[in-house]
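To start, the structure itself, in structure tokens.
The values are calculated or read from the model by the stated rules, or taken from the named source; none is laboratory data. Everything numeric here is computed off the predicted structure, so don't read it as measured data. Neighbour counts run over all protein chains shown; Cβ positions are idealised from the backbone, glycine included. Note: accessible area is taken over every heavy atom of the protein model, side chains too, but ligands, DNA and RNA are not part of it. Shrake-Rupley method; radii C 1.70, N 1.55, O 1.52, S 1.80 Å.
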Amino acid sequence: MNTRHVALFLAIFAAFQLPGNSKAQTTNSATTPPELFDAAGYRKARYRAPVDRPPIPAVAISAEEALHLRPGVDALFIDVLPAEGGVRDPLSGRWTLAAQHETIPGAAWHPETGRSHPDPALWQGLRTAISAERARHPSLPVVVFCRSDCWMSWNAARRLASEGFAQVYWFAEGIEGWNDAGRSLVKAEPVTIAPH
């Protein structure tokens, strides 16, 4: 190795190894993936991705089992898909949507409740709705869903079960699974959660 090669090697080594070198830091921060889970184990980034674990203490329900239920009759179906581009009026609790959303007939749409840290008012609204249904039908199962390969329904089902709700099921195939089985979808309206 001649002197020129040694000098070139040292320059390259210094550029990528010296602490405080802004070029090296930029390269590292650009290629480091964000943390995907928070300290409590809820997914907080890249929600649309294959789910590789059960939502314990909630239970996964198969598409076949979900398709045998009548939403709103045999089970409380909860859609937690976000209202993409939608805005919730903090005074009335009503949503203004940027795009139409279709869901499983008989399901209640509680947007944004599948995030790792859902808005407290929206989360409390979901809990209150489930409690109200359970007051009338104590053994009514709760089936939480969104889209296939989406962690938001996984988060919401796991959180509900962790907070003491019994018979909480996660329908992983969600809206696409329902529709792919030849079942129709209907236009969804978000549940209005009035401020307290």
- prompt: Taking H as built 1.01 Å from N, whose amide H comes closer than 5 Å to the amide H of residue 75, not counting residues under 5 places away?
  reply: 70
Point-to-point label distance, residue 132-residue 84, nm (Cα→Cβ direction, 7 Å offset): 2.9 nm
- line: For residue 144, other-chain or 5+-apart residues with amide H closer than 5 Å (H placed, Pro excluded) are 78, 169, 170, 171
field: Phi to ³J(HN,Hα) by Karplus 6.51 cos²θ - 1.76 cosθ + 1.60 over the stretch 139-156, Hz, x for Gly, Pro
entry: 9, 5, x, 10, 10, 9, 8, 8, 9, 5, 6, 9, 7, 5, 5, 4, 4, 5
message: Shape verdict for the stretch 145-196, please, from the Cα gyration tensor: rounded (a/c under 1.5), prolate (a/b greater than b/c) or oblate.
response: oblate
message: Using the Cα centre of the stretch 114-179 as origin and beta-carbon charges of +1 (Lys, Arg) and -1 (Asp, Glu), tell me which of 161, 151, 131 is placed farthest towards the positive end of the dipole.
response: 131
field: Under the Karplus curve 6.51 cos²θ - 1.76 cosθ + 1.60, θ = phi - 60°, whole-Hz ³J(HN,Hα) for the stretch 56-66, x wherever Gly or Pro sits
entry: 3, x, 6, 10, 6, 10, 6, 4, 4, 5, 5
task: Over the stretch 138-185, average the accessible area per residue using a 1.4 Å probe and give it in Å², no decimals.
output: 36 Å²
field: Karplus (6.51, -1.76, 1.60) ³J(HN,Hα), θ = phi - 60°, over the stretch 83-88, in Hz, Gly and Pro reported as x
entry: 8, 4, x, x, 10, 9
field: Overall dimensions of the stretch 99-170 as given by Cα atoms, namely Rg and Dmax in Å
entry: 11.9, 35
